[in-house]
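The values are calculated or read from the model by the stated rules, or taken from the named source; none is laboratory data. Keep in mind that this is a model prediction, so the values were computed, not measured. All Cβ positions, glycine included, derive from the backbone under ideal geometry; neighbour counts span all protein chains shown. With ligands, DNA and RNA removed, areas are computed over all heavy atoms of the protein, side chains included. Shrake-Rupley method; radii C 1.70, N 1.55, O 1.52, S 1.80 Å.
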Number of protein chains: 2
Amino acid sequence: MKNITLEKITEAASQSFEGLPDERQRLLVQTLLKQVHNFAREVQLSHTEWRGLLAFLHRVGDISDDSRSEFSLLSDVIGLSSLVDLLASKPGSTPGSVLGPFHTVGSPWLANPVNLIGANPGQPVLLRGRVSDTQGQPLPEASLDFWQNAANGLYWQLDPQQPRDNLRCQLRVEADGSFEIATIRAVAYQIPTDGPVWTDLLQLAGRSPWRPAHFHLIVSAPGYRQLVTELFDAEDPYLDSDAVFGVREALVRPYQRVSDAAACQRLGLAGSECLEMRVNLILAKDGAS
Amino acid sequence: MKNITLEKITEAASQSFEGLPDERQRLLVQTLLKQVHNFAREVQLSHTEWRGLLAFLHRVGDISDDSRSEFSLLSDVIGLSSLVDLLASKPGSTPGSVLGPFHTVGSPWLANPVNLIGANPGQPVLLRGRVSDTQGQPLPEASLDFWQNAANGLYWQLDPQQPRDNLRCQLRVEADGSFEIATIRAVAYQIPTDGPVWTDLLQLAGRSPWRPAHFHLIVSAPGYRQLVTELFDAEDPYLDSDAVFGVREALVRPYQRVSDAAACQRLGLAGSECLEMRVNLILAKDGAS
């Protein structure tokens, strides 16, 4: 290593991580290093540009804290988060989509069917679905972790007016894999626009800060690959410009006006008609490639 | 963009930055994005690994502040900083090497020849050099910005025992391009080992934290490309394992014991012998490709 040249530096830097005992970590570090070097070589990165990149990362770190990760947001808006979701999605199963920053572990377990509306303003809707394997067989041991924003666009963590755990729950499906959640229609909202990801990057690019309205779901069942996904409102105007590239065709679901007095009554909805969204959630076997 | 698939996401994410009005910035963002996507695809990055990467960046941000950039250190130890130096180095000129975190703008201008030893313990040395163009013609309008660490391994900013601006200065060369700096021999030192770059990455890889002893120099002259470089002590045991990949053959300089009573007296060194390091610093014309 005594004489580091342009021809040798990438190999020398890669070689310096040969001692990482975990084979997978070694591959990750060496591959990322190689691609970062490829970037610098491809654009002939100048000192000024390099310093600008470091200063940007510094600003991203400055605004991040325990309850806010601007690094996650950066990953989201360059499509990296969604790429990881897509890499994990298996053919024949429901595609994954971004987890986002508002999931928290440990939502209350509630009985299925469930009514989350409480005192929330907003348009009442009934989300009805079924969890199955890729052959269409119901998965009676499946459970859901569900969360969404309120009519003002905010998740409960960001809104002192909302009770703790507002519009979120965990539940187990029925023996036939079915579930029913009475809730309100989720609304579109903006990613944070007070940090460097917005001010130094997206705003300059004329990007939209909007995310189309969506429900978040994590679907789990023993022996099956956990599914982290979202369901999108088919009428949302921002479907084509989701700031974090989360929209997949199979996740865009229409609302339909249905007449189902029994369901409405069971779920505590006034009247005998409601807006309904239906979804099949299909899990791949664990370890399936 | 309504249906983001594994095949389409990289193009969609790249396309989302088409609105960046600065052509060069657009190229940088789109190329970096492409290489980050390439990395995720090449290793089939999992959710767990992706979260680990974000958490690492979060920790790098946490320990960074106005006087410490762990992002710079990360760039250094993966060879990115040196790669940028090498990309900027032009054939025939002295190669560049890492700026490092201890340069500050505005060192005191002192008259050439200069004696920086003052009350510093350490082995006195005489650094003698000449600044020229690639044809060997002296550059009488050149100036130097010089800094180094003290005998305890510390730069003055990190050491309350050292006076402000200890062992650093700016100076103008003579009409023949020459300069003389009486100083002490720089010593090897360790990169910071209290942050995530060390504890979560280099330590696991069994990497050395040492940097071989070096002087820092920035050489400027009107009409010439500014040179940011280092000069290394040829006897240093860490030349082959510099933690930041800064060593280039042309920058490794031997000390020689010389007898030069006039120089010693001029520079306030006791006796008529001293350790001397000689260097030719060659600048490329501005804009030379």
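Details
- Check on A:ARG164, open to solvent by less than 10 Å² (accessible area, probe 1.4 Å) and not hydrophobic (A, V, I, L, M, F, W, C): no
- Selection status of B:GLY195, buried (at least 18 other Cβ atoms within 10 Å of the Cβ), within 14 Å of chain A (Cβ to nearest Cβ) and touching a residue at least 24 places away in the same chain (Cβ under 8 Å): yes
- Residue in segment A:244-256 that is more than 27 Å from the chain's Cα centre (by Cα) and in a strand (DSSP E or B) present: no
- Filter result for A:GLY92 (touching a residue at least 12 places away in the same chain (Cβ under 8 Å) and under 22 Å from the mean Cα position of the chain (by Cα)): yes
- Per-region count, segment B:209-236, residues touching a residue at least 24 places away in the same chain (Cβ under 8 Å), in a strand (DSSP E or B) and under 21 Å from A:SER16 (Cβ atoms): 4
- Residues that are buried (at least 24 other Cβ atoms within 10 Å of the Cβ) and within 7 Å of another protein chain (Cβ to nearest Cβ) were ranked within segment B:68-80; the one that is modelled with the lowest pLDDT is B:SER72.
- Within segment A:107-153, the residues that satisfy the criterion of being open to solvent by less than 50 Å² (accessible area, probe 1.4 Å) and touching a Cys at 6+ places or on another chain (Cβ under 9 Å) are A:SER107, A:PRO108, A:VAL114, A:LEU116, A:VAL125, A:LEU126, A:LEU144, A:ASP145, A:PHE146, A:TRP147.
- Hits in segment A:198-208 (condition: in contact (Cβ under 8 Å) with a residue 12 or more places away in the chain and open to solvent by 40 Å² or more (accessible area, probe 1.4 Å)): A:ASP200
- Tally, over segment A:29-43, of residues that are within 7 Å of another protein chain (Cβ to nearest Cβ), farther than 23 Å from B:ARG24 by Cβ and either open to solvent by 30 Å² or more (accessible area, probe 1.4 Å) or in contact (Cβ under 8 Å) with a residue 40 or more places away in the chain (or both): 1
- If the condition is being more than 7 Å from chain A (Cβ to nearest Cβ) and charged (D, E, K, R), then segment B:44-61 contributes B:ARG51, B:ARG59.
- Flag if B:ALA182 is away from chain A (no Cβ under 14 Å), in a loop (DSSP other than H, G, I, E, B), open to solvent by less than 10 Å² (accessible area, probe 1.4 Å) and among the aliphatic types (A, V, I, L, M): no
- Residue match in segment A:4-15 (condition: of a type in the set (A, V, I, L, M), at the interface with chain B (Cβ under 7 Å from one of its Cβ atoms) and out of contact with any helix residue (DSSP H, G or I) (no Cβ under 8 Å at 6 or more places or on another chain)): yes
- Every residue from segment B:230-263 that is more than 12 Å from chain A (Cβ to nearest Cβ) and within 11 Å of B:SER97 (Cβ to Cβ): B:LEU231
- Given (1) touching a residue at least 60 places away in the same chain (Cβ under 8 Å); (2) under 24 Å from A:SER14 (Cα atoms); (3) surrounded by fewer than 18 Cβ atoms within 10 Å (Cβ to Cβ), index of the condition B:SER46 fails: (1)
- Those residues of segment A:247-269 which are open to solvent by less than 10 Å² (accessible area, probe 1.4 Å) and either in contact with a Lys or Arg (Cβ under 7 Å, 6 or more places away or on another chain) or among the hydrophobic types (A, V, I, L, M, F, W, C) (or both), in sequence order: A:VAL247, A:LEU251, A:ALA263, A:CYS264, A:LEU267
- Among the residues of segment B:237-246, those that are open to solvent by 20 Å² or more (accessible area, probe 1.4 Å) and touching a residue at least 24 places away in the same chain (Cβ under 8 Å) comprise B:PRO237, B:TYR238, B:SER241.
- Pairs, first within 19 Å of A:ILE218 (Cα to Cα) and assigned by TED's automatic domain parsing to the domain that holds A:ASN166 in segment A:115-139, second acidic (Asp, Glu) and part of a loop (DSSP other than H, G, I, E, B), C-beta under 7 Å, six or more apart: A:PRO138/A:ASP176
- Test: residue in segment B:51-60 that is part of a helix (DSSP H, G or I), out of contact with any Leu (no Cβ under 7 Å at 6 or more places or on another chain), open to solvent by 50 Å² or more (accessible area, probe 1.4 Å) and more than 26 Å from B:ARG168 (Cα to Cα): yes
- Within segment B:63-76, tally of residues that are in a helix (DSSP H, G or I) and either without any contact (Cβ under 8 Å) to a residue 24 or more places away in the chain or in contact with a Leu (Cβ under 6 Å, 6 or more places away or on another chain) (or both): 3
- Which numbered condition A:GLN157 fails, given (1) at pLDDT below 95; (2) over 30 Å from B:ALA40 (Cβ atoms): (2)
- Only one entry of B:VAL125, B:VAL84, B:VAL105 meets the criterion of being at the interface with chain A (Cβ under 7 Å from one of its Cβ atoms) and either closer than 30 Å to B:GLN148 by Cβ or not in a helix (DSSP H, G or I) (or both), and that entry is B:VAL84.
- Residue in segment B:96-106 that is in contact with a Ser or Thr (Cβ under 9 Å, 6 or more places away or on another chain), under 25 Å from A:ILE63 (Cα atoms) and in contact (Cβ under 8 Å) with a residue 60 or more places away in the chain present: yes
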